Amino acid sequence: MKILVLGSAAGGGFPQWNCACEGCRRARSGDPAAKPRTQSSLAVTVDGERWLLLNASPDLGAQLLANPQLHPRNDLRGNPISAALLTNADIDHVAGLLTLRESHPFAVYATPRVHGVLAGNSVFNVLNPELVARRPMELGEPFQPAGADGRPLGLEVEAFAVPGKVALYLEDASAGPGFGSVAEDTVALRIRPSDGSSDGFFYIPGCAGMPDWLADRLHGAPLVLFDGTTWTDDEMIRNGTGVKTAARMGHMPMSGPTGSMAAFAPLSVARKIYIHINNTNPALLEDSPERAEAEAAGWRIAHDGLELTL
């Protein structure tokens, strides 16, 4: 099974178009220690021919151009993407579907909640229903995703809820502290070959906490790609780029006693990779003390174009 990181940044990318924080300034200047990144998305395959897209970034067009594995093959029209799977309804995970509107047959998998969001916004009707199958996935029920033609992709996927919150544009302030969040609003994935040849990996681009049941589930995993949005909980407030904490946005910080580095320390995960990293996070900078601390704790910081094999 091959995993290709198409985009590794959080919403807005790195550098973010309207941000002049230190990291974004360095990325714009061409500093080799501040490599630009597009918004979070992965692609997975077992045969190198048909790929499952995990989240459809607004940068998807550029990501497809940057990765020859996902270029059209021998037919005049076509693309190796056979299906797309969405972990939530965030803009940085669904807007890229609009890039796939040029009469390309594929399937879209999402929870009923996310499918309802797509159905409620008529702009997604550009995905021709005669070509693009919208298929629900139920939490806690492993399934084998297939392309629009019904042929399985050789993968088994299990989606399950993790702590988080509803997408920003769907928040309902009248609904209490959770802003109307439900379990289907923040989904993690376990993906492995359907033939059992590998234990697979976990993809968790958004997560607000590490309850005991999640720690138990991740213990001993061969590979986890995990939410690396911020370094500290108050990062954006402290540097003047925002007014919300990581927790308010539905994310764990990397550092600190309640951060993800501390939570993962006893879990014996073989490979730990941070993904969905905000432009303000100093761990993006290869020469920063924060990067050194994360690497010393056994973490790798994802970058666009990173290829992994299981």
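Cβ-Cβ distance below 8 Å, separation of 6 or more or different chains: which pairs start in region 222-238 with a residue that is modelled with pLDDT under 95 and end on one that is not in a loop (DSSP other than H, G, I, E, B)? Filtered contacts from region 222-238: Asp233/Pro253; Glu235/Pro253; Met236/Thr230.
Within region 281-310, the only residue that satisfies the criterion of being within 18 Å of the chain's Cα centre (by Cα) and of a type in the set (Lys, Arg) is Arg300. Quick one: is Tyr169 under 21 Å from Gln39 (Cα atoms) and in a helix (DSSP H, G or I)? So Tyr169 fits the description; yes. In region 128-157, the qualifying residues are those that are surrounded by fewer than 20 Cβ atoms within 10 Å (Cβ to Cβ) and under 18 Å from the mean Cα position of the chain (by Cα), and the one that is farthest from Ile3 (Cα to Cα) is Leu139. In contact with a strand residue (DSSP E or B) (Cβ under 7 Å, 6 or more places away or on another chain) and either among the charged types (D, E, K, R) or surrounded by 19 or more Cβ atoms within 10 Å (Cβ to Cβ) (or both), is that true of Thr230? Yes: the conditions hold for Thr230. Selection over region 208-265 of residues that are among the charged types (D, E, K, R) and farther than 22 Å from Gly178 by Cβ gives a count of 4.
The condition of being of a type outside the set (Phe, Trp, Tyr), more than 26 Å from Tyr109 (Cβ to Cβ) and in contact with a Cys (Cβ under 7 Å, 6 or more places away or on another chain) holds for only one of Thr232, Thr245, Thr241, that being Thr241. Restricting region 90-127 to residues that are surrounded by fewer than 23 Cβ atoms within 10 Å (Cβ to Cβ) and of a type in the set (Gly, Ala, Ser) leaves a set whose member that is nearest to Gly206 (Cα to Cα) is Ala95. Output yes when any residue across region 183-193 is assigned to a loop (DSSP other than H, G, I, E, B) and either more than 25 Å from Met137 (Cα to Cα) or modelled with pLDDT under 95 (or both), and no when none is. Looking for residues that are assigned to a loop (DSSP other than H, G, I, E, B) and either more than 25 Å from Met137 (Cα to Cα) or modelled with pLDDT under 95 (or both), one finds at least one in region 183-193, hence yes.
A count restricted to region 77-113 and to residues that are under 15 Å from the mean Cα position of the chain (by Cα) and outside any loop (DSSP other than H, G, I, E, B) stands at 11.
Restricting attention to region 42-68 and to residues that are charged (D, E, K, R) and either in a strand (DSSP E or B) or out of contact with any Pro (no Cβ under 8 Å at 6 or more places or on another chain) (or both), the residue that is surrounded by the fewest Cβ atoms within 10 Å (Cβ to Cβ) turns out to be Asp47. Within region 148-164, the set of residues being within 18 Å of Thr87 (Cα to Cα) and either outside any loop (DSSP other than H, G, I, E, B) or not aliphatic (A, V, I, L, M) (or both) comprises Leu155, Glu156, Val157, Glu158, Ala159, Phe160, Ala161, Pro163, Gly164. In region 13-41, of all residues being within 29 Å of Gly78 (Cα to Cα) and assigned to a loop (DSSP other than H, G, I, E, B), the one that is farthest from the chain's Cα centre (by Cα) corresponds to Pro36. Would it be correct to say that Gly209 is small (Gly, Ala, Ser), touching a residue at least 24 places away in the same chain (Cβ under 8 Å) and touching a strand residue (DSSP E or B) at 6+ places or on another chain (Cβ under 8 Å)? No.
Taking the criterion of being touching a residue at least 40 places away in the same chain (Cβ under 8 Å) and surrounded by fewer than 20 Cβ atoms within 10 Å (Cβ to Cβ), the residues of region 161-172 that qualify are Pro163, Leu168, Tyr169, Leu170.
Glu295: closer than 30 Å to Thr45 by Cβ, surrounded by fewer than 17 Cβ atoms within 10 Å (Cβ to Cβ), touching a residue at least 12 places away in the same chain (Cβ under 8 Å) and of a type outside the set (Gly, Ala, Ser), yes or no? Taking the combined requirement at face value, the residue does not satisfy it. Per this entry, Trp51 is not counted among residues that are aromatic (Phe, Trp, Tyr) and farther than 23 Å from Leu308 by Cβ.
The values are calculated or read from the model by the stated rules, or taken from the named source; none is laboratory data. It should be emphasised that the depicted structure is a prediction, and the values quoted were computed from it without experimental measurement. Using ideal geometry, Cβ is built from the backbone for each residue, glycine included, and neighbour counts are taken over all protein chains shown.
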